[in-house]
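Report on one structure; see the data block that follows.
The values are calculated or read from the model by the stated rules, or taken from the named source; none is laboratory data. Worth saying up front: this structure is predicted, and the values here are computed from it rather than measured. Using ideal geometry, Cβ is built from the backbone for each residue, glycine included, and neighbour counts are taken over all protein chains shown.
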Amino acid sequence: MLEPFKLYVESHHLFRPDEPILLAISGGVDSMVMAELFHRAGFAFAIAHCNFGLRGSESNQDEAFVAGIAETYGVRFFLKHFKTREYAGFNKVSVQMAARTLRYEWFDELILNEGFKAIATAHHLDDQIETFFINVLRGTGISGLHGIMPHRTRVVHPMMFAFRREIEEFAGDEAIAYREDSSNRSSKYVRNKIRHDLVPLLGEINPEFRKTITTTIDQIRETEILLQNHLNDIRSKVITFDNNEVISLNISELLRLQPKEAYLYELLQPFDFNRSVTDEIAAGLEDISGKQYFSASHRLVKDRELLLINPLGPAGSQPAAEIEIDDKVSEIRKPIQLRFSLFENNTEMTVSKNGSIAMLDASKIIWPLRLRKWKEGDTFVPFGMNNNKKLSDFFIDNKFSIVEKENAWLLISNNDIAWLVGHRIGNGYRIGPDTKTILKIEWLD
């Protein structure tokens, strides 16, 4: 088993022999064989063990066993005790999900603080088969069918070349000690039901089932790579990113794609939209503007010929309704970042045409300035015009998107709009021949 192990590590570029790897060791047969293979291969490694406190004295015996193995190998040993049930109850998640979250948060800390290249887990080909069926039962896209990848960010799976039976036979032949986890025999967990009931039944139907499904998963993974390459081309035609975290999708381009439901799901999945929501969006592509859809992290708005996506802020993080800025302030950082400076006008002065910079006649300013979001009924005289204009009409004339309108900020002097931030100053504040001092305001967001 040693040579296939080293070949798998090398062929999948998991790590170099001299790069320190942190092994997640439970004490079970899979992780103990992994530790032995690392030791025999001469790889640099340390051991980390999680005591989740879920099996009483059995958990403590596992801890002592793994600590002894680390001492035998002469490698560093890291141990963490978790209050798993308390965490699960407080966060309203399953115990299994709590354990997963806690251990990977700790692993990330160790990798960053102790200088490890990655964490290695002992997942193997049978784990991949079980994960495949778990995802099928829950419902998944193609990404849920590609199985456990050889590596992902800061995590490597160097045992993904072997089946459980091969690992157990190696442990028996080489007299490798390990601990049995009694919870693995329980049928109350979905994974165990698949392991003990479904997989053996499928093995009766097809004795080569494990190899067959593994080959199928590999082919799905290859198909996913082809799909992602194609989707990257589609993204370049459909999606546009701007500097304000707003992502836009061109509806006319989306309507050319068939089946549009599948394309839209793949394009929106990175923003946490699930299939039921993306199907709704697909059905409403030709509806009127203004309809909104939400994922856990983003909002999507239909706006004329575009779908606009922007990230949701933290819960309860509403900006102040209005803030005051006095003449002694040189910079504000919230709710947007503005910098203020005064300087004398002269004949060599060039008025900036950059929309993120406003240059105003300082003598016309009445302090304190007020910064607020726009509201219905706001009017101003835009630079270059003589008549009052509704801000809502200005937005229409200048083709503001729904998101741009929502994000529009006003700088108010007395009761007048001195600047529609990032777009147009009020005509009454323009620089003229008699201007002596200029107030320069830079929008830095």
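Quick look at the numbers
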item: Search result, residues across the range 379-413 that are assigned to a loop (DSSP other than H, G, I, E, B) and surrounded by fewer than 14 Cβ atoms within 10 Å (Cβ to Cβ); result: G384, M385, N386, N387, N388, N398, K399
item: Contacts under 6 angstrom Cβ, first residue in the range 121-135 being closer than 14 Å to R210 by Cβ, partner modelled with pLDDT under 90 and charged (D, E, K, R), 6 or more apart; result: E130/R191
item: Qualifying residue in the range 342-349 (condition: at negative phi, touching a strand residue (DSSP E or B) at 6+ places or on another chain (Cβ under 9 Å), aromatic (F, W, Y) and surrounded by 15 or more Cβ atoms within 10 Å (Cβ to Cβ)); result: no
item: F15 of a type in the set (F, W, Y) and either under 22 Å from N184 (Cβ atoms) or in contact with a Phe, Trp or Tyr (Cβ under 9 Å, 6 or more places away or on another chain) (or both); result: yes
item: Condition met for A35 (touching a helix residue (DSSP H, G or I) at 6+ places or on another chain (Cβ under 6 Å) and either surrounded by 14 or more Cβ atoms within 10 Å (Cβ to Cβ) or touching a residue at least 40 places away in the same chain (Cβ under 8 Å) (or both)); result: no
item: Residue that is farthest from F107 (Cα to Cα) [pool: residues in the range 38-79 that are touching a residue at least 40 places away in the same chain (Cβ under 8 Å) and in contact with a Pro (Cβ under 9 Å, 6 or more places away or on another chain)]; result: F38
item: Residues of the range 74-114 satisfying the condition of being among the aromatic types (F, W, Y) and farther than 23 Å from A35 by Cβ; result: Y87, F90
item: Qualifying residue in the range 193-215 (condition: outside the structural domain of V95 (by TED's automatic domain parsing), on the phi < 0 side of the Ramachandran plot, of a type in the set (S, T, Y) and crowded, with 17+ Cβ neighbours inside 10 Å); result: yes
item: Residue match in the range 11-23 (condition: in the same structural domain as A122 (by TED's automatic domain parsing), among the charged types (D, E, K, R) and under 21 Å from L102 (Cβ atoms)); result: no
item: Top-ranked residue in the range 110-136 [being under 24 Å from the mean Cα position of the chain (by Cα) and among the aliphatic types (A, V, I, L, M); ranked as nearest to Q269 (Cα to Cα)]; result: V136
item: One residue from E253, E222, E245, E280 being over 25 Å from K405 (Cβ atoms) and either touching a Pro at 6+ places or on another chain (Cβ under 7 Å) or not aromatic (F, W, Y) (or both); result: E222
